[in-house]
1. Would you mind ranking ASP180, ASP51 so that the residue whose beta carbon has the fewest other beta carbons within 10 Å leads the list?
2. Run through region 104-189 and list the chymotrypsin sites (Phe, Trp or Tyr not before Pro) located in a DSSP loop whose Cβ has at most 16 other Cβ atoms within 10 Å.
3. Let a ≥ b ≥ c be the square roots of the eigenvalues of the Cα gyration tensor of region 2-194; is it rounded (a/c under 1.5), or, if not, prolate (a/b larger than b/c) or oblate?
4. Tell me what the chain gives for mean residue ellipticity at 222 nm when only DSSP H runs of n ≥ 4 count, each as -39,500 (n - 2.57), the sum divided by the residue total, rounded to 500 deg cm²/dmol.
5. What angle, in degrees between 0 and 90 and rounded to the nearest 10, separates the Cα long axis of helix 88-99 from the longest principal axis of the Cα atoms of the chain?
6. May I ask for the angle, rounded to the nearest 10°, between helix 196-212 and the longest principal axis of the chain, with both axes built from Cα atoms and the value confined to 0 to 90°?
7. Over the chain, what is the percentage of antiparallel beta bridges among all DSSP beta bridges, to the nearest 5?
8. What lysines does LYS68 reach when the alpha-carbon gap must be under 23 Å and sequence neighbours fewer than 8 apart in one chain are set aside?
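Quick note: the coordinates plus some simple rules give every number you see, no bench work behind them. Just so it is clear, the structure is predicted and the values come from calculations on it, not from any experiment. Cβ placement follows ideal geometry from the backbone for every residue including glycine, while neighbour counts extend to all protein chains displayed.
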Amino acid sequence: MQFFIDTGEIDEIRQWAGSGLLDGVTTNPSLVKKSGRDMLELIAEICSVTDTPVSAEVAALDHETMLKEAAVLADIAPNIVIKLPTTLDGLKTCNSLSQQNIKTNLTLCFSVNQALLAAKAGATYISPFVGRLDDINLDGMDLIRDIRIVFNNYNMRAKILAASIRSVNHVSESALAGADVATIPTSTFEKLVAHPLTDKGLDAFVKDWASTGQTILKG
Ligand code: G3P
């Protein structure tokens, strides 16, 4: 499974870009607002930090304007992925962009039918929002599992990008459910590697090694 980070904070992206663990970045209008930055400048800076796929979302709701905005965004860098809402206009725009070989990410996906339509429209990625389904007492992970089954049934190439990730369990469950990607808030990303037994065991190794008086590096 690929790990994307879901953020508009350039410093967080810089930190992870150098780790070798970053496979992509997703942004959305709310994350742009939170960053306090000009969107086009922010997206350009993100693309200067990483050459992995960077999702930049259109603001328009109508097909014609989405196409115009997508042209501006796609022109920023070759690794731009155009993020579109999973609406009829978003699907039409996805279809047009896929014919131009411009990568797309269909976002705000909450049903198998939406995912099917997005894949049919040629979406590169579809983003089912796990956390927001959990928020209304549904099981967001069921959606990931169901989309995986349907995409496998019809050998659909669209990648399942698990989004609205709220916990480290969402990440592992997304992998178990067969998601191709999880886009993870930085705060959750940082917790993925942590385990108290690893820390406890390493402390013991360090103490025992120190007691041997040995060194690996001589001189
Ligand atoms: O960026 C898309 C998605 O990850 C948003 O997540 O937490 O606002 O539901 P959230």
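1. Working: ASP180 17, ASP51 11.
Fewest to most other Cβ atoms nearby, the residues stand as ASP51, ASP180.
2. Counting only loop positions with at most 16 other Cβ atoms within 10 Å, the chymotrypsin sites (Phe, Trp or Tyr not before Pro) in region 104-189 are TYR154.
3. Taking the square roots of the gyration eigenvalues as a ≥ b ≥ c, region 2-194 is oblate.
4. -14500 deg cm²/dmol
5. Result, in degrees: 80.
6. 30 degrees
7. 0 percent
8. Result set, ordered by chain and number: LYS33, LYS83, LYS92, LYS103, LYS120.
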